[in-house]
Each structure stands twice: as structure tokens, then as C-alpha cells.
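Here's the structure we're looking at; comments come further down.
The values are calculated or read from the model by the stated rules, or taken from the named source; none is laboratory data. What you see is a predicted model; the values in this text were computed from it and never measured. Every residue, glycine among them, receives a Cβ derived from its backbone with ideal geometry; neighbour counts consider all protein chains shown. Heavy atoms of the whole protein, side chains included, go into the accessibility calculation; ligands, DNA and RNA do not. Shrake-Rupley method; radii C 1.70, N 1.55, O 1.52, S 1.80 Å.
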Amino acid sequence: MRVLMIGGGSERGLALARSLTAEGHAVRIVSREGARREAIEAVGAECYVGTPDVVGTIRFALENVTVLCWLLGTAEHQDPEKLEALFGSRLKMLLEKTTDTTVRGVVFEDAGTVADELLASGRHEVEWAFEKNEIPYAYLRADGRDVDAWVPAAREAIDSLLTAVRATPQR
């Protein structure tokens, strides 16, 4: 399996990548400017330079991906409008790009430090993608500050998508 992690350059994301690569899975982590490249590659993951602010820069990161992980529950942005777009129009655009790809499911981090209304917007987009294109999804609701609990919860969300019945969302 290949996992694409958007928002995966954090310590918890790197711990998840380490767990996945230790089992032989391929992991690709999006980094805005490649600043985390060394840390990403140190856990055995591939660093892909791009930004979810400009979906075109990460479109090709979807190549050969099985599970897309949108791990932006603790995203910070100096521009509130851009942060709002990450959980609205940018997420929707990326989910539209998963149509006719190898992506079999989406993990949406539905907890963190971003405002509840942004998380609700993201849930709406994920559920819309399921209704429109039957893209299964799972919510990751573990507290990202507790890496030891977050990683197993993320693994459970990923694993649930691999065994999901196509027409049933994994909530």
C-alpha cells in the first residue's frame, strides 16, 4: 500500500510514517518547501514538495496512492481565508482529483486545534466525495498531542479503509 500524507511532516505524522514503512508500506509526505525533507526521508518516506493551498502542486502526488490522509487538524495559516479554503474549496478540489485514480479511501483528521467550523466544512467535503464518487472515508478523531495514542488510531482508520465495503462510509 502507498499512503499519501498531507500534513504529515509533524512529529506524529513522522511516527505514523515510521510505523507504516517498518511494515514495508510506501509513504509519501507532502512538504510545502521541502524543509522537512531530511526528517521525512529519515523515517523511510518519500518527500513530495507541494502545498495543499495550490492543489495543482500536489495533483501528481496522488500517483499510485492507495490511501489519502488529510492530516491538517492542527494546521496553522497566517491568512484565515487560506485556512478556510484548506477545509473547503482546496479539499474539495483534491477529492475531485482522486476520481479515476488508485485512491481507495480518505482519512480525514477530524480533531485538533483548528476551529470546529473548519472541521465541519472538511467533513462536509469528505462526505460529499463519498456521495458523488463513492470514495470511502474514515475520521481520525484522536488527540494529536498524544502521539502514542494518535498513531494507532491513524493506523486503525487506514486499515478500516482497506477492508471497507465500497458503499459504506467508515465513520
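Considering only protein heavy atoms and a probe of 1.4 Å, how much of the accessible area of the chain is carbon and sulfur, as a whole percent?
Values: 3810 of 8240 Å².
So the carbon and sulfur contribution to the accessible surface is 46 percent.
Report the extension gain between K82 and T113 in nm, rounded to one decimal, defined as 0.36 nm multiplied by the number of residues separating them, less their alpha carbon distance. Provide the component values of the computation, followed by the final result.
Details: separation 31, 0.36 × 31 = 11.16 nm, distance 1.58 nm.
Result: 9.6 nm gained on full extension.
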Separation of the E11 and D143 label points, Cα + 7 Å toward Cβ, nm: 1.5
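Please give the per residue accessible area of the chain, computed with a probe of 1.4 Å over protein heavy atoms only, in Å².
Numbers: 8240 Å² over 171 residues.
Per-residue value: 48 Å².
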Within 12 Å, Cβ to Cβ, of S121, how many net charges do the neighbouring residues add up to if Lys/Arg are +1 and Asp/Glu are -1? -3
Can you tell me what share of the DSSP beta bridges in the stretch 48-171 is antiparallel? A percent to the nearest 5 is fine. 10
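Helix-derived [θ] at 222 nm for the chain: sum -39500 (n - 2.57) over DSSP H runs of at least 4, divide by residue count, nearest 500? Don't jump to the answer; show the numbers that get you there.
Numbers: 6 runs with 68 residues, N = 171.
After summing the helix terms and dividing by the residues of the chain, the value is -12000 deg cm²/dmol.
Using the membrane-span-like helix rule (whole DSSP H runs, Cα extent along the own axis of at least 20 Å, mean Kyte-Doolittle hydropathy at least 0.5), which helices of the chain qualify?
Working: long enough: 116-133 (25 Å, -0.92); 147-162 (22 Å, 0.59).
Those that pass (Cα extent of 20 Å or more, hydropathy at least 0.5) are 147-162.
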